[in-house]
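I'd like to ask you about the structure that follows.
The values are calculated or read from the model by the stated rules, or taken from the named source; none is laboratory data. Bear in mind that the values here come from a model prediction, so they are computed numbers and not experimental data. Here the Cβ positions follow ideal geometry from the backbone for every residue, glycine too, while neighbour counts run over all protein chains shown. When the accessible area is computed, the model is the full protein with side chains, heavy atoms only, and any ligands, DNA or RNA have been set aside. Shrake-Rupley method; radii C 1.70, N 1.55, O 1.52, S 1.80 Å.
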Amino acid sequence: MHFLYSLVFTLGFIAALPYFLFQALLHRKYLPSFWQRFGILPKAISLSQSGGIWIHAVSVGEVMAVLPLIRAVQARWPGRRLVISTATLTGQMLARKKLPAEIGVLYFPLDWKFTVRKSLDAVRPSLVLIAETEIWPNFLRECGARAIPVLLVNGRLSDRSVNRYRKVKPFMRRVLSDFSFCCMQTELDRDRLLSLGVDPDKVEVVGNLKYEIAAPSSIEDRTEVYRQLLGLSPNRFVVVAGSTMKDEEPLVLAAFETLRATCSDAVLVLAPRHPERFREVEKLLSDRSIAYVKRSDLKTGTNGSREERQVVLLDSMGELATLYALASVVFVGGSLVPTGGHNILEPALFRKPILFGPSMSNFHEMSEDFLEQQAAVQVKDSAELGSELVRMFRDPEFRQRVGDRGHAILMANRGATQRIVNRMESIEVRKTNAEVRRSKFEVRTGR
């Protein structure tokens, strides 16, 4: 089955190669990662000592989720080498920005046996943590062959994923058995994993790492700096639309126009999810003759007219959380178009009222919890988003109640980090005991 999987993976890679080449030529999207995906890693990683911990976080959301875990691991095992891998350029950029220099950052290898072996030979981990739903059969099998424990952390399985895996259940049962333990987000995720044949003794519900987020250091000072940079008075009504997706910005802009009819000096901070779309969104704003300024221009001093400015285009990475802190209301993108939505916890951290659209399948349980406790408002379309923005503007007390409830949910769901660290300790103890028993056996038998 692994041979058949590798064959299908190879054929899929060949079929997708024209797309990769197009993206590489147009956006230079895959060029920086090419050699690393084939297991050829920088010397700084290849020459480092063995026995470290390899954490894989595929993209931006997963990197943000594992940051508190990384801090906890460093506190529990100070001096132990850590490396983190991603599969996307945006994840790579964020990891390099957020993590200290001593943590190695690399791209995850393509899932062929030879590329996986080269990467493992270079990194030489004694423990691997994989965040959320990254299931790569050849990587897991090779770790098993080397007796490297692999821990699934912040695990989740969507309806679509579990239905797809059930079609090849015997193969998935074998693949999933290569995980040493699975730390799942919810009971539903646990049940879905068990339905694929995973040993119940290897599965535990620990909660969601994304609830462990912390505010950036000196957030009050940073927020004031951004407020001055953007030219925003403390009483200015600011809408932050975070992580918007293709075809979603026109819907947000239409809703914002509805708000501007009631609040003429409202400002929209528009933050596209993917950097390669910055120019596309800028063209949209220009074509619509909307008074806007780019964040990158603010940095260079070409600020434009603050009085006329309607939209700030956030064409940067790693600044969205701080901008959430100065928002009056937050719209979480990826939800007015069918892409499954994005994380609603960062605005909740700052007690901000949250709006999102009908597409929240990536955060189904979380969004349902927020809606049930009236800690967020779901809208069905652009027109309803505009109406809700007007309501938020007109009713500051309502805004405050919604924001406070979201913050309360966030604080009540913390604790996943410590539970995962505890599980890592138990795996380390078991591995050490096994090595001691093997050593005693070899001494006793003369092997």
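May I ask you to list pairs of residues, at least six apart or on different chains, whose Cβ atoms are under 8 Å apart, with the first in region 211-234 being hydroxyl-bearing (Ser, Thr, Tyr) and the second being open to solvent by 40 Å² or more (accessible area, probe 1.4 Å)?
Here the result reads Tyr211/Asn413; Tyr211/Arg414, each pair linking region 211-234 to a residue that is open to solvent by 40 Å² or more (accessible area, probe 1.4 Å).
Please note which helices (runs of 4 or more DSSP H) are completely contained in region 284-390 and include at least 1 residues that are farther than 27 Å from Ala65 by Cα and among the aliphatic types (A, V, I, L, M).
295-300
Here's a follow-up. Taking the criterion of being modelled with pLDDT of 90 or more, surrounded by 15 or more Cβ atoms within 10 Å (Cβ to Cβ) and under 20 Å from the mean Cα position of the chain (by Cα), would at least one residue in region 224-240 satisfy it?
Taking every residue of region 224-240 in turn, at least one turns out to be modelled with pLDDT of 90 or more, surrounded by 15 or more Cβ atoms within 10 Å (Cβ to Cβ) and under 20 Å from the mean Cα position of the chain (by Cα).
Check off (1) within 18 Å of Glu384 (Cα to Cα); (2) assigned to a helix (DSSP H, G or I); (3) touching a strand residue (DSSP E or B) at 6+ places or on another chain (Cβ under 7 Å) for Phe278 and give me the number that stays unchecked.
So Phe278 meets the others, but not (1).
Checking Ser119 against (1) open to solvent by 10 Å² or more (accessible area, probe 1.4 Å); (2) in contact (Cβ under 8 Å) with a residue 60 or more places away in the chain; (3) within 21 Å of Trp35 (Cβ to Cβ); (4) touching a helix residue (DSSP H, G or I) at 6+ places or on another chain (Cβ under 9 Å): exactly one of these is not met. Which one?
Only one criterion is unmet by Ser119, namely (1).
Additional query: Please go through region 241-258 and pick out each residue that is in a loop (DSSP other than H, G, I, E, B) and either open to solvent by less than 10 Å² (accessible area, probe 1.4 Å) or closer than 22 Å to Gly406 by Cα (or both).
Within region 241-258, the first condition is being in a loop (DSSP other than H, G, I, E, B), and the residues that meet it are 245-248.
Glu248 - this is the single residue of region 241-258 that is in a loop (DSSP other than H, G, I, E, B) and either open to solvent by less than 10 Å² (accessible area, probe 1.4 Å) or closer than 22 Å to Gly406 by Cα (or both).
Would you be able to tell me the number of residues in region 84-104 that are closer than 15 Å to Ile53 by Cβ and modelled with pLDDT under 95?
6
Now for a different question. Here are some conditions: (1) under 16 Å from Thr244 (Cα atoms); (2) open to solvent by 30 Å² or more (accessible area, probe 1.4 Å). Phe363 meets all but one. Which one does it not meet?
Going through the list (1) under 16 Å from Thr244 (Cα atoms); (2) open to solvent by 30 Å² or more (accessible area, probe 1.4 Å), Phe363 breaks only (2).
Where in region 131-219 are the strands (runs of 3 or more DSSP E), entirely inside, with at least 2 residues that are open to solvent by 30 Å² or more (accessible area, probe 1.4 Å)?
Values: elements: 150-155, 181-184, 203-205.
Of the strands (runs of 3 or more DSSP E) lying wholly inside region 131-219, those with at least 2 residues that are open to solvent by 30 Å² or more (accessible area, probe 1.4 Å) span 203-205.
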